[in-house]
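Data block below; observations after.
Where a number appears in this text, it was derived from the coordinates with a stated rule and is not lab data. This structure is a prediction, so every number in the text was calculated from the model and none was measured. As a convention, Cβ positions derive from the backbone with ideal geometry for all residues, glycine included, and neighbour counts pool all protein chains shown.
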Amino acid sequence: MDLMTERDRRIYLDYNSGAPLLPEARAALIDSADLAGNPSSVHAEGRRAYAVVEEARRRVARLVGADPEHLVFTSGATEAAATCLTPEWVMGDQIVTLGALAVADTDHPATREGGRFAPSAVSRLPVDAQGQLRLDALGRWCDGLASGNRAMLCLTLANSETGILQDLAPIRETIAGSGVLLVLDVVQAAGRLPLAISDLGADALLLSGHKIGAAKGIGAYALADGACRPTPLLTGGGQERRHRGGTQAVALIASFGAAASVAADRLADAEGRLNTLAERLLARLGGVAAPWKLLGSDSAKLANTFAITLPGLNAETAQMGLDLAGFAVSAGSACSSGKVGASHVLNAMKAGGLDIDASAGAIRISFGYETTSEEIDLFAAAFGRLAERVGKATSGLRAA
């Protein structure tokens, strides 16, 4: 194929910002939009809407191995985080106050900012050069908790910018017996890795619909035990078993359920499909004559996510150049778009010992099941040409 035809097509490689709407999710969205009933109403129309919501609840719960009774729909993962990151949790028949919250310094802003905890109660724990939570810092935080007081640790399982996966086993060992609740943001991991809330050892999981191909504006949180739950963020009616007030967005929920069903079915082929594309991209980038670096290369990471740095290459400039060439990639989390300054993820990894110019940023390539081998090849070729231009410019500056 003539590479000049890149100008005439768009290649979408920003799945971590939002996956394209799946045909199944679009169909469910449209079909459910015609339902007249409120799912809280007892007449036939209301019962039909209620059935759609409950079927979607079962499908989303299946994706993360949760009990549908313990899954609550929200307007998105940000609301799910704001709900779960509260110092007030219901445990049994009483409300328990959590005295502290710890987050990783590389976590998504929706959790890194601390939710409903007072800023003075939030600790941002450092990571090492590979983006892994520093266990010594976690241990010191646990040791500093007041005797008998409960607390919370909230972590992003798969980092949205780098794809790095936190090693949960030693983290769970470190907090064991300390009365610390574990909340996991699995927004990027859901649908790309097999997940079960019991295996993860988490008290709550945070989910987003549009990351797996549902319509935007819908998310959820899943609980390991309905007797241990956050106090509601939105109060009012009895919707969502009184965990979240407000009439359910039936069409969006239906879309989420359809996308979750597709994602769950795809998991059997997750490693094969995404790893094949990842290996192809690595092989093609291996032919680029420039000292590019893949962040998190020594850590377990999502197969679909590549965060790349190159000396002399400003990520935002590269993103704009690739956009003009027909490639949708990112220079970091979409939630930080429009902001001037380095990524907090890169800054945290640099502070952990990574040899990187954090101010230059990194290009994030994130693909999905719909991505083709041809699209991977075209991107690698475009990046190679970009790297060659950067290399010549850098050499010219050194010569001068």
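Based only on Cα atoms, what Rg/Rh ratio does the chain have, Rh being taken as Kirkwood's radius? Over the Cα atoms of the chain, Rg/Rh equals 0.99. Among the lysines of the chain, pairs that are 8 or more positions apart or on different chains and have alpha carbons within less than 28 Å of each other number 14. Hydrophobic long helices, here whole DSSP H runs in the chain with Kyte-Doolittle means of at least 0.5 and Cα atoms spread over 20 Å or more along the helix axis, are found at 250-266.
Kirkwood's formula applied to the C-alpha pairs of region 234-392 gives a hydrodynamic radius of 18.1 angstrom. If you wrap the tightest convex hull around every Cα atom of region 160-305 and split its volume per residue, you get 143 Å³. Annotation for Arg62 and Ala300: the two label points, set 7 Å from Cα along the Cα-Cβ direction, are 2.5 nm apart.
Could you work out how much longer the chain between Val96 and Arg116 gets when fully extended? Use 0.36 nm per residue separation minus the Cα distance between them, nm to one decimal.
Numbers: separation 20, 0.36 × 20 = 7.20 nm, distance 1.46 nm.
That works out to 5.7 nm of additional length.
A crude spin-label estimate for the pair Asp355 and Thr372, with each label 7 Å from Cα along the Cβ direction, gives 4.0 nm.
Secondary-structure-derived ellipticity at 222 nm for the chain, considering helices only, amounts to -11000 deg cm²/dmol, per-run term -39500 (n - 2.57) for DSSP H runs with n ≥ 4.
Counting neighbouring beta carbons within 10 Å and listing from fewest to most, the residues Phe306, Phe117 come out as Phe117, Phe306.
Between Asn275 and Glu316, how high is the FRET efficiency from 1/(1 + (r/R0)^6) when r is the Cβ-Cβ distance and R₀ = 35 Å? Nearest 0.05.
Result of the calculation: an efficiency of 0.75.
Full-extension gain between Ser41 and Cys228, please, as 0.36 nm times their residue separation minus the C-alpha to C-alpha distance.
On the way: separation 187, 0.36 × 187 = 67.32 nm, distance 2.83 nm.
Residue separation times 0.36 nm, minus the Cα-Cα distance, leaves 64.5 nm.
Can you give me the Cα centroid spacing of region 248-300 and region 188-227 in angstrom? What the calculation gives is 16 Å, centre to centre.
Sort 86-94, 125-133, 320-328, 152-160 for me by packing, meaning the mean count of neighbouring Cβ atoms within 10 Å per residue, highest on top. Walk me through the numbers before you get to the answer.
Numbers: 86-94: 13.7, 125-133: 21.3, 320-328: 16.2, 152-160: 26.4.
Going from most to least packed, we get 152-160, 125-133, 320-328, 86-94.
Positive end of the dipole of the chain (Cβ unit charges, origin at the Cα centre): among Ser299, Ala318, Pro194, the Cα lying farthest that way belongs to Ala318.
Express as a percent, rounded to the nearest 5, the fraction of DSSP beta bridges in the chain (both residues included) that run antiparallel.
Numbers: 26 of 47 bridges.
Roughly 55 percent of the beta bridges in the chain run antiparallel, per DSSP.
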